[in-house]
Structures are given as structure tokens and as C-alpha cells.
1. Could you check what % of the DSSP bridge pairs in chain B are antiparallel, to the nearest 5?
2. Using a 10 Å cut-off around each Cβ of peptide B:214-226, what is the average number of partner chain Cβ atoms that fall inside?
3. Using 7 Å Cα-to-Cβ label points, what is the B:GLU41/B:ALA266 separation (nm, one decimal)?
4. With N set to the number of residues, divide the alpha-carbon radius of gyration of region B:166-289 by 2.2 N^0.38 Å and report two decimals.
5. Please sort through the DSSP H helices of chain A and keep those with an alpha-carbon extent of at least 20 Å along the long axis and a Kyte-Doolittle average not below 0.5.
6. Work out how much length A:ASP56 to A:ALA35 would gain on full extension: take 0.36 nm times their residue separation and subtract the Cα-Cα distance, in nm to one decimal.
7. Let's test this: bin the Cα-Cα distances of chain B at 10 Å from zero up to the farthest pair and state each bin's percent.
8. Roughly what % of DSSP beta bridges within chain A run antiparallel, to the nearest 5?
Amino acid sequence: MDRIPILKLGSTLIVTIQVDMHDRLALALEEDLTAMIARTGARGVLIEISALEIVDSFIGRMLVSIAAVSRVLDAETVLAGMRPAVAITLVELGLELTGIRTALNVERGMALLKARLPEDGARDGSDRDGLED
Amino acid sequence: MPMDGAEVLKRTLTEDEAAILEAWSISLREGTSLQSGRIREAELQTQAKAVFGQLRDGLSSGGVDADAESYTPLRENLADISRSRAIQGFTPTDTANFVFSLKEPIFEALRRRSAADASALAAGVWAAGKVLDRLGLLTMEVFLASREEVIGRQGQEIAELSTPVVRLWDGILALPLIGTLDSARTGVVMENLLQAIVDEEAEIAIIDITGVPTVDTLVAQHLLKTVAAARLMGADCIVSGIRPQIAQTMVHLGVELNVISKATLADAFALALRRTGRKVVRQQAAEERR
């Protein structure tokens with residue numbers, strides 16, 4: 001079965017989704033990512049979805065749950081490069097992905113994660129306050 | 001029917017053309033369309049003469065069925081007249097009266113010709129009534145269709161005009177909303193904004209609702225949707241320009257906008273600049289400090 005590769009860069013894990021997500025793939029990704037965070041002690045997860053054209057409620061929910069699991073393991077999730085059409089679809093589906101940070105592109109996403117890294121423990125709204133709830 | 005109404009009508013129209021046209025033009029002159037100054041008398045007379053001629057032609061081969069092929073030139077001419085009146089802003093009454101005011105002169109002429117023959121008179125009146133009513137209805141249909149076309153076009157123009165996305169600074173966009181937000185417009189607004197966020201690589205989008213007359217639960221929901229979609233793209237939204245009365249109404253209605261909001265666009269812009277690590281200073285003061 002296909003698996004989505006997870007890259008490790010410093011204390012950040014990077015996932016780029018370049019194929020159409022199907023349910024099995026999403027479940028596998030969650031599992032792999034969780035195991036990887038636990039193994040490497042990563043502090044940040046960057047999911048790049050600029051190639052993702054189709055989302056449904058299940059994929060949306062998987063993204064939320066990946067973020068929630070990562071947070072339990074003390075890693076922040078940033079979703080980068082969402083397409084306008086995907087954003088509209090998610091909002092229309094009522095999935096506003098609360099609790100997940102978003103960034104326009106990978107560069108900004110990495111900046112967001114980096115800004116948080118040096119301050120161990122201070123994870124509540126150190127930057128860009130008030131928008132993540 | 002002992003007497004052919006179409007035949008009676010045709011004969012009357014041919015033989016009494018001058019008298020009928022004269023009476024019709026008098027009645028048109030008295031009508032309100034001339035007094036409103038939207039059309040000149042000469043133009044009205046020309047139209048009347050053309051319509052009369054076409055009516056006679058239609059009648060001579062098509063009987064009293066105004067939908068018949070022989071009436072096609074007349075129908076097209078009337079449609080043109082009606083369309084131009086709709087655009088010029090005539091009232092529906094004025095437009096319909098153009099045709100209906102022909103009734104009286106024709107009835108009068110019929111009465112003069114067939115006063116002795118009651119059945120011929122009745123048949124002629126019935127034929128004239130049938131044709132003119134159908135033509136009157138046709139003018140109304142075209143009138144309404146043209147009006148709707150105008151309204152539709154205006155609606156489209158307003159929608160296009162009222163959803164601009166403005167670039168205020170590097171990475172700061174403003175979306176001044178004007179007019180009521182319904183779901184169709186929200187869709188357009190959202191698409192424009194998100195596309196602009198991608199194109200400009202914007203970090204912050206300011207949604208200014210100074211021009212939104214009322215904010216009810218539905219509008220608030222549309223706003224929140226737009227904000228949520230922008231957030232998913234990785235841009236923050238600031239809502240600005242909520243007028244005092246609207247703020248009160250919103251609180252009384254229990255509408256909650258869980259977004260950053262500022263009273264004016266200027267405040268929102270200042271916040272956006274601060275967020276992106278910029279500051280506006282007065283030049284003089286900055287020089288003195290050196």
C-alpha cells in the first residue's frame with residue numbers, strides 16, 4: 001500500500017501530500033506520523049497540501065485529529081498552502097479546523113514553527129495571539 | 001357566426017383609415033406618455049402609423065389570430081417599441097395604452113359603418129377586441145421582460161462593482177464590503193479574497209463592513225465563513241467598520257463575531273502594520289529624535 005513519506009528536518013517533521021488522499025492513506029498517515037513524533041521527539045509538524053485538490057469531511061476530520069494527536073505529544077501542527085477552493089469547501093462543510101495553525105506556504109509555515117521552538121514551555125500564544133482558538 | 005368579424009374589421013380599417021388614425025393620434029396626444037416628455041409627438045405619430053399599417057396587413061391575411069404568421073412584422077415592431085419604452089422608463093400603463101387607445105377609434109368607426117347591422121357590429125367589435133387585447137398583452141410581456149433584463153444586468157453590475165480586493169501594503173489586503181451580504185455574494189467575495197491572498201501572498205486581510213447596512217445573524221454567519229476560509233489559507237482577518245448602532249443591534253440579537261474587530265479601517269490598518277512588524281511615524285518627530 002502507498003504511504004506518504006515523512007521527512008525530518010531538525011525538530012520538525014514535514015509531510016507533503018501530493019496524491020489524492022483516500023481514507024486508508026489518511027489513516028496510515030496519522031499512524032505513521034504519531035509513531036514518528038514519538039520516536040523523534042519532534043516539536044513541530046508541517047503538512048503541505050498545495051497539491052491537494054479534493055477534500056471531503058473525512059479528510060478534514062483526519063487533519064483535525066492529526067493535529068490533536070500531535071498536540072498531545074507536544075508537537076504543533078501547521079497546515080501550509082491550502083488552495084482557495086479547498087478552503088471554501090472545508091468552510092462549507094462546517095470544518096473550520098480549529099486548533100490547527102495555517103500558513104500560506106511552506107516558508108511561512110516553517111517560520112511559524114521556528115518562532116515557537118526556542119521558547120520551551122511557553123506555547124500559549126507567544127506569537128500571532130488570539131487567532132488559534 | 002353569420003358575419004365574419006375579421007372581414008368587417010378589415011373593411012373598416014381600410015376605408016376609415018384617415019379617421020381612425022386621426023382619432024387615435026388625438027387620444028395618444030392626450031395620454032400621459034407625451035406629457036412626460038420622454039417621447040416627441042412626431043415619433044409617436046410615426047410609430048402609430050407604422051403599427052396601423054402593419055395591423056391592416058396582418059388582418060388581411062391572418063384573420064383575428066394575432067399569433068399568426070402574417071402578424072409577425074407587427075409583433076416585432078410592437079416588441080421594439082415596448083422594449084425601448086421600458087428602457088426609457090415609461091410606466092406600464094403608458095406602454096399598454098399605446099395599443100389599447102386604438103380600441104376606441106376603431107369601435108367608433110365600426111359603429112359608424114355598421115350602425116344598421118347589429119350582428120356585423122358585434123362581430124367587428126369582437127374581432128377588434130380580440131386582436132388588440134392580444135397585442136396589448138404582448139407589449140406588456142415584452143415590457144416586463146425588458147425591465148427584468150435591466151434589473152438583472154444592474155444586479156450583476158453591482159455585484160461586480162462591490163467586491164473589490166484592495167492591496168493596502170505588502171501582505172495587507174482590504175476588502176471593503178458595500179451592500180447586503182447574501183449567500184451568492186458571500187461566495188463571490190470569498191473567492192475573490194482567497195485568490196487575492198494567494199496572488200499577493202497576504203498575511204492579513206481587513207474586511208471593512210462600513211458599507212453593510214445591516215448585520216443580522218445570517219450576515220454574521222457569512223462574515224465568519226469568509227474569515228474562517230481566509231484563516232485556513234494562512235491569513236488573519238480583521239473586521240472593521242462596525243457602526244455603533246450595528247454593534248448594539250448585534251449584541252442585542254446575540255450575534256457573536258468571534259474575530260478581531262476594530263472600529264475603523266484606520267485602526268485595523270494600524271494593527272495590521274504592527275502585526276507585520278511595521279510602524280507609522282511622523283517624519284518631523286522621527287527627525288527630532290535623531
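Values quoted throughout were computed directly from the atomic coordinates according to the rules given, and no laboratory measurement underlies them. Treat the numbers as computed from the prediction; the structure is a model and nothing was measured. Cβ coordinates were reconstructed from backbone atoms using ideal geometry, including for glycine residues, and neighbour counts include every protein chain displayed.
1. Numbers: 3 of 17 bridges.
If we restrict to bridges inside chain B, about 20 percent are antiparallel.
2. Values: counts 0, 0, 0, 0, 0, 0, 0, 0, 0, 0, 2, 5, 2.
That average works out to 1.
3. Taking the simple label geometry, B:GLU41 and B:ALA266 are separated by 6.0 nm.
4. Details: Rg = 15.4 Å, N = 124, 2.2 N^0.38 = 13.7 Å.
The value comes to 1.12.
5. Details: long enough: A:23-40 (25 Å, 0.24); A:57-72 (23 Å, 1.37).
Helices meeting the span and hydropathy rule in chain A are A:57-72.
6. Numbers: separation 21, 0.36 × 21 = 7.56 nm, distance 2.49 nm.
This chain segment gains 5.1 nm when fully extended.
7. 6, 21, 17, 10, 10, 12, 12, 7, 3, 1, 0, 0
8. Details: 4 of 17 bridges.
For chain A, the DSSP antiparallel bridge percentage is about 25.
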